[in-house]
Amino acid sequence: MAIDVTGKLHLIFDTKKVSDRFTKREFVVEIADGKYPQMVLFQLTGDRCNVLDRFSVGDAIRVSFDLRGREWRSPTGEVKYFNSLDAWRLEPAGTNTSAGRRGGGDREAPAFEPSFPVAEYEPRPTDLGPTRDDDIPF
């Protein structure tokens with residue numbers, strides 16, 4: 001699932017070598033959300049870790065990422081679920097690379113725009129309430 005968000009680069013962590021073949025670099029983006037901005041943690045992996053080197057804390061950026069989830073089972077059998085936001089493209093906010101898709105120009109992208117069509121909800125007959133007329137107020 002690919003998603004784009006625009007925000008301010010709040011924090012950049014150092015690259016971590018998780019194993020001999022896997023490295024990751026995390027960063028935090030402040031995303032405007034009305035009165036309460038959201039601090040969202042993203043990660044870059046492998047050869048993409050150095051993409052952050054061209055940005056500085058405070059820069060307005062657009063992040064394209066995939067939402068990933070996985071299940072983990074402990075040795076005792078307990079199951080936990082983890083999510084990660086895997087960034088695959090970073091660009092300065094206001095660049096015009098996806099303007100054709102959004103109908104943009106030089107406008108800044110919205111804080112969140114789903115990459116899938118959002119259909120109108122049509123209620124099923126069972127969602128409309130009871131079909132018989134009764135006088136019970138609940």
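The values are calculated or read from the model by the stated rules, or taken from the named source; none is laboratory data. Keep in mind that this is a model prediction, so the values were computed, not measured. Positions of Cβ are generated from backbone atoms using ideal geometry, with glycine treated the same way; all protein chains shown enter the neighbour counts.
Criterion applied to Ser84, Ser19, Ser56 was being within 14 Å of Gly7 (Cα to Cα) and among the small types (Gly, Ala, Ser), and the one residue passing it is Ser56. Residues in region 27-67 that are farther than 19 Å from Thr15 by Cα, basic (Lys, Arg) and at pLDDT below 95: Lys35 alone. Note on region 14-104: enclosed strands (runs of 3 or more DSSP E) holding 3 or more residues that are within 19 Å of the chain's Cα centre (by Cα) and of a type in the set (D, E, K, R) are 22-31, 60-73, 79-92. When Arg70, Arg48 are checked against the criterion of being out of contact with any Leu (no Cβ under 8 Å at 6 or more places or on another chain) and surrounded by fewer than 10 Cβ atoms within 10 Å (Cβ to Cβ), a single residue qualifies: Arg70. Scanning region 1-38 for residues that are among the aliphatic types (A, V, I, L, M) and surrounded by 12 or more Cβ atoms within 10 Å (Cβ to Cβ) gives Ala2, Ile3, Val5, Leu9, Leu11, Ile12, Val28, Val29, Ile31, Ala32.
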